[in-house]
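The values are calculated or read from the model by the stated rules, or taken from the named source; none is laboratory data. Please read all numbers here as calculations on a predicted model, not as lab measurements. Methodologically, a virtual Cβ is constructed for each residue, glycine included, from the backbone with ideal geometry; neighbour enumeration extends over all protein chains shown. Note: accessible area is taken over every heavy atom of the protein model, side chains too, but ligands, DNA and RNA are not part of it. Shrake-Rupley method; radii C 1.70, N 1.55, O 1.52, S 1.80 Å.
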Amino acid sequence: MSKGTEVPKKPGMVPPPPGEESQTFVLPPGWQSYLSPQGRRYYVNTATNETTWERPSSSPGIPASPGPHRSSLPPTVNGYHTSGTPAHPPETAHMSVRKSTGDSQNLGSSSPGKKQSKENTITINCVTFPHPDTMPEQQLLKPTEWSYCDYFWADKKDPQGNGTVAGFELLLQKQLKGKQMQKEMSEFIRERIKIEEEYAKNLAKLSQNSLAAQEEGSLGEAWAQVKKSLADEAEVHLKFSAKLHSEVERPLMNFRENFKKDMKKCDHHIADLRKQLSSRYAAVEKARKALTERQRDLEMKTQQLEIKLSNKTEEDIKKARRKSTQAGDDLMRCVDLYNQAQSKWFEEMVTTTLELERLEVERVEMIRQHLCQYTQLRHETDMFNQSTVEPVDQLLRKVDPAKDRELWVREHKTGNIRPVDMEI
């Protein structure tokens, strides 16, 4: 973030070292200079989004400087080219700090008195980050969004103390856990369906019970409606359970059936890229060690020449110098291959983490929609249940003991002439 009233820089944009641009000439209009995650300068045409390792020339078709072996440039995210590496790499095992080695033509030469520049990179588990003390300001790929592509570049210590866990592995575990939670939700709805089906079955059975079937009059009619309402309610719950199955449980179960398989593919892909990066890093360390040995051998032969002049010693020095130069070239090649591997890993990490983010949003939204459907079905079921008891309420309000007595008497009366006293 910018401090005070400074104008924020674009992600990955770093001012050129003093004198670097001025020693040649100003970039043509529309071109900007940036640094890749490995510290290599590249150029972006802000009008056409064209990117190149070569310094653009004012004369069309003539590059200002010969470009090294081409490799993938940092991807464009949110309209910016950015490095994407974390501002403060966490403390983990297998950490090494590298200093800049100067110009490439000096790699193979012997220069014991030359001081190296200040440390500017730090390597953690074969991934190179800018050194916390000298790194340029970096801006998040997706500011304010807490996006996965911004916060999982480094590895994390295993809580069990058994090494480290890659940041991508943590994201993958979260995705798989989300899928498991979705499966358990589906199982929960299935249990709810079983309860509804059993409840409906018992209601239907109870509605056929003959208890109090001989009740008469308006009360008898109300009682018969009570029993009928049980049968209607049983039908409502059967329909509710069927809709739960088709509109909630089944979609939850079938959503991304191949999700776990797809996650494994992503895991293997990123893991393979990380292994390639580790292999390239090992090659760099081996080449660096070989260069050190060649330089030591060259220094030793140079000292021998100072003590004893001979054609043989001079030939040995020339041979040692050639080997030292070759070792320097090998180191440059290994570093270039390592940078290519890291750029590829970086690009795939950004792409894959953003895809995981999209999949998670899609999963959560899908579950939310189907749970809303569940509550809607519940409301509808409650409304239907209410409708089954409304006729019962109406008949209960019509219960009239006096009317029932009149009807019963009319049907069963045995005579309305009362007894009188006997006469003598």
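Annotations
- Candidate set: segment 136-176, residues that are among the aliphatic types (A, V, I, L, M) and in contact with a Pro (Cβ under 9 Å, 6 or more places away or on another chain); chosen: the one most open to solvent (accessible area, probe 1.4 Å): Leu140
- Selection from segment 250-266 of residues that are among the acidic types (Asp, Glu) and part of a helix (DSSP H, G or I): Asp262
- Test: Leu337 is aliphatic (A, V, I, L, M), more than 30 Å from Gln182 (Cα to Cα) and over 39 Å from the mean Cα position of the chain (by Cα): no
- Matching residues in segment 384-424 - criterion: being hydroxyl-bearing (Ser, Thr, Tyr) and over 14 Å from Trp223 (Cα atoms): Ser387, Thr414
- Within segment 212-226, residues that are β-branched (Val, Ile, Thr) reach partners that are crowded, with 17+ Cβ neighbours inside 10 Å with beta carbons closer than 8 Å, at six or more positions or on different chains, in the pairs Val226/Val392.
- Segment 170-186 residues that are farther than 21 Å from Glu247 by Cβ, paired with ones that are of a type in the set (Ser, Thr, Tyr) and in a helix (DSSP H, G or I) (beta carbon under 6 Å, 6 or more apart): Leu171/Tyr148
- Considering segment 321-338, the residues that are open to solvent by less than 20 Å² (accessible area, probe 1.4 Å) and aliphatic (A, V, I, L, M) include one that is nearest to Arg288 (Cα to Cα), namely Leu331.
- Among the conditions (1) open to solvent by 40 Å² or more (accessible area, probe 1.4 Å); (2) modelled with pLDDT under 90; (3) farther than 30 Å from Glu299 by Cα, His131 misses just one, which is (1).
- Filtered residues of segment 157-169 (kept if at negative phi and free of Cβ contacts under 8 Å to residues at least 24 places away in the same chain): Asp158, Pro159, Gln160, Asn162, Val165, Gly167
- Whichever residue in segment 368-417 is open to solvent by 90 Å² or more (accessible area, probe 1.4 Å) and outside any helix (DSSP H, G or I) and, among such residues, is nearest to Leu203 (Cα to Cα): Lys398
- Single residue of Glu285, Glu235, Glu247, Glu293 found to be open to solvent by 40 Å² or more (accessible area, probe 1.4 Å), closer than 30 Å to Leu395 by Cα and assigned to a helix (DSSP H, G or I): Glu235
Residues are listed down the side, and each one gets a yes or a no for (1) under 18 Å from Asp393 (Cβ atoms); (2) under 45 Å from the mean Cα position of the chain (by Cα); (3) of a type in the set (Asp, Glu):
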site	(1), (2), (3)
Phe188	no, yes, no
Arg192	no, yes, no
Ile195	no, yes, no
Glu198	no, yes, yes
Leu203	no, no, no
Ala213	no, no, no
Glu216	no, no, yes
Gly220	yes, no, no
Lys227	yes, no, no
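- Members of segment 320-376 found to be touching a Leu at 6+ places or on another chain (Cβ under 7 Å) and without any contact (Cβ under 8 Å) to a residue 60 or more places away in the chain, listed by number: Ala320
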